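Taking it in order: structure first as structure tokens, then the write-up.
The values are calculated or read from the model by the stated rules, or taken from the named source; none is laboratory data. Nothing here was measured: the structure is a model prediction, and the numbers come from that model. Here the Cβ positions follow ideal geometry from the backbone for every residue, glycine too, while neighbour counts run over all protein chains shown.
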Amino acid sequence: MDTGEDRGTICRMLAEAITEASRAGRLIGSEELLEELNNRGLLNSFDQQSPDMEALMAETLAAHRDLAALESISGRTLYHAPALLSVTYASILDRKNSPVLLIAEEIRRNSAEYPRPLPLEIFEESPFDLTPGQIEESLKAMAANPEFEDITFTTTSTGAVYLFSTRHLDRRYAAFLAERADVGLPQNP
């Protein structure tokens, strides 16, 4: 049977593993954390029974306020240390395997929070790291799906393409912001 001291040790180890994963730029789930407990020989205190990871994680998060949980698009709960791996970056990492969602949610977030349209080529850069082909395929998929009808674009006077969400930005204002970002304020009074 596990004691309070054993649970404290386990929670500290879980917190360390989450912090290490965040430092390496990764999210970590309960399965990987359970494997880490096993590798460190800390499952012996559970008398051959698998620990209740949900309860252990709740206890770990309560004791370590510098850690956070993220509900993944896969439905899994993933963990990170926001001081090392921000909520925004963690969300990007979570959606990397779904370029359509990754692009759409970043466009919507930037349109709503900043407000600003995003240059198309930003998705080729880190942390997105998508290929031009992935971006093109994703935009085609969005255009064919009514769920993404708010995602659209504007083209600046230099031919640069900027993406925005009509849920959060008026088309004319988005065009103005894109032009200003592309050619700068001195050339766009």
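Does residue 36 satisfy the condition of being of a type in the set (Asp, Glu), in the same structural domain as residue 8 (by TED's automatic domain parsing), in contact with a helix residue (DSSP H, G or I) (Cβ under 9 Å, 6 or more places away or on another chain) and surrounded by 15 or more Cβ atoms within 10 Å (Cβ to Cβ)? The answer is yes for residue 36.
When the residues of segment 74-101 are filtered to those that are of a type outside the set (Gly, Ala, Ser) and over 22 Å from residue 23 (Cα atoms), which remaining residue is surrounded by the fewest Cβ atoms within 10 Å (Cβ to Cβ)? It comes out as 101. When 20, 32, 54, 71 are screened for being within 30 Å of residue 146 (Cα to Cα), within 22 Å of the chain's Cα centre (by Cα) and among the acidic types (Asp, Glu), only 71 passes.
Looking only at segment 90-130, count how many residues are out of contact with any strand residue (DSSP E or B) (no Cβ under 6 Å at 6 or more places or on another chain) and in a loop (DSSP other than H, G, I, E, B).
In the first step, residues of segment 90-130 are kept if they are out of contact with any strand residue (DSSP E or B) (no Cβ under 6 Å at 6 or more places or on another chain); the result is 91-103, 105-106, 109, 112-116, 121-130.
Filter once more, keeping what is in a loop (DSSP other than H, G, I, E, B): 96-98, 114-116, 125-130.
So the answer is 12.
When 159, 133 are checked against the criterion of being free of Cβ contacts under 8 Å to residues at least 24 places away in the same chain, over 21 Å from the mean Cα position of the chain (by Cα) and either assigned to a loop (DSSP other than H, G, I, E, B) or buried (at least 18 other Cβ atoms within 10 Å of the Cβ) (or both), 159 stands alone in meeting it. On inspection, residue 113 passes the criterion of being under 30 Å from residue 147 (Cα atoms), surrounded by fewer than 18 Cβ atoms within 10 Å (Cβ to Cβ) and either touching a Pro at 6+ places or on another chain (Cβ under 6 Å) or assigned by TED's automatic domain parsing to the domain that holds residue 127 (or both).
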